[in-house]
Amino acid sequence: MRSIADIPRRQAAENPDKPALICHDRTLTYRDLDAESSQVANALIAAGVGSQSRVGFIGKNIAEYFTLVFGAAKINAVTVAVNWRLVAAEMAYILNHAEVELVVVEDEFLDHLGAMDLPRQPLVVLVGAVTATEGQVGYSDWINGQPATDPAYPSVEDDTSLQLYTSGTTGLPKGAELSNRNVFSIVGPISGMLGLHPDSVMLHVLPLFHIGGSGVATVG
């Protein structure tokens, strides 16, 4: 595998009907995850997002994080997951610094978004039971009508796939770029350490904006 986008591709081919994610009352099989992430990829293309462009995510551990990460990877774009514990100004710094072109926001954090100063206003995709206003679109409306055809943009191992931000304890947060190779380098060791096998089920509670959370989730 050369890109993290190959994860849902391979699993959909080998284990299409196995559950990939269970979140609240929603279950996505690997076939579902591959198809929906392709819809996200095509929605990103329609929004003007290109290869190595940054897309943001502000939310807790929800299925849409994974459809965004893998959808972005299918067009060789980069996902920037923002620490949801930050105040609005701190979130805005990260979105501005990363120059995100689009951000997926869980409804719980909509008030944070309204309090941000964003000179470069990204398209906002809302997840949850909220009504979209100008410059916003609901997640379901955003992907509905998009083909589940994988656009399969070219990608290599050293392309950036995730951009995580440090805590900023002693200064402003710094964006750490993780390549596909970086992500895959932790899969084998963690899988072995945890004794994972093809039928393992993982309860994931670590925050996805953190390297521990995103890394272990990718392994799972």
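Every read-out reported here was derived from the displayed coordinates using simple, explicitly stated rules and does not represent laboratory data. Everything quoted here is computed from the prediction, not taken from an experiment. With ideal geometry, Cβ positions are generated from the backbone for all residues, glycine too; neighbour counts draw on all protein chains shown.
Taken residue by residue, segment 46-63 has at least one member that is in contact with a Pro (Cβ under 9 Å, 6 or more places away or on another chain), hydroxyl-bearing (Ser, Thr, Tyr) and not in a helix (DSSP H, G or I). Against the list (1) under 21 Å from residue 77 (Cα atoms); (2) not in a helix (DSSP H, G or I), the condition residue 213 fails is (2).
Checking each residue in segment 162-196 for being in contact with an Asp or Glu (Cβ under 6 Å, 6 or more places away or on another chain) and surrounded by fewer than 17 Cβ atoms within 10 Å (Cβ to Cβ) picks out only 181.
Within segment 140-161, the residues that satisfy the criterion of being crowded, with 17+ Cβ neighbours inside 10 Å and more than 21 Å from residue 12 (Cβ to Cβ) are 142, 159, 160. Of all residues being within 29 Å of residue 88 (Cα to Cα) and of a type in the set (Lys, Arg) in segment 18-69, which is surrounded by the fewest Cβ atoms within 10 Å (Cβ to Cβ)? Just the residue, please. Among those residues, the one meeting the criterion is 60. Return a yes/no flag: does segment 171-180 have any residue that is part of a helix (DSSP H, G or I) and within 15 Å of the chain's Cα centre (by Cα). Yes, the conditions are met somewhere in segment 171-180. The set of residues in segment 22-48 that are acidic (Asp, Glu) and in contact (Cβ under 8 Å) with a residue 24 or more places away in the chain comprises 34, 36. Restricting attention to segment 102-124, does a residue exist that is more than 22 Å from residue 210 (Cβ to Cβ), of a type in the set (Val, Ile, Thr) and buried (at least 18 other Cβ atoms within 10 Å of the Cβ)? Yes, some residue in segment 102-124 is more than 22 Å from residue 210 (Cβ to Cβ), of a type in the set (Val, Ile, Thr) and buried (at least 18 other Cβ atoms within 10 Å of the Cβ). Within segment 181-195, track down each residue that is more than 15 Å from the chain's Cα centre (by Cα) and either closer than 15 Å to residue 65 by Cβ or in contact (Cβ under 8 Å) with a residue 24 or more places away in the chain (or both). 181, 184, 186, 187, 190, 191, 194, listed by residue number.
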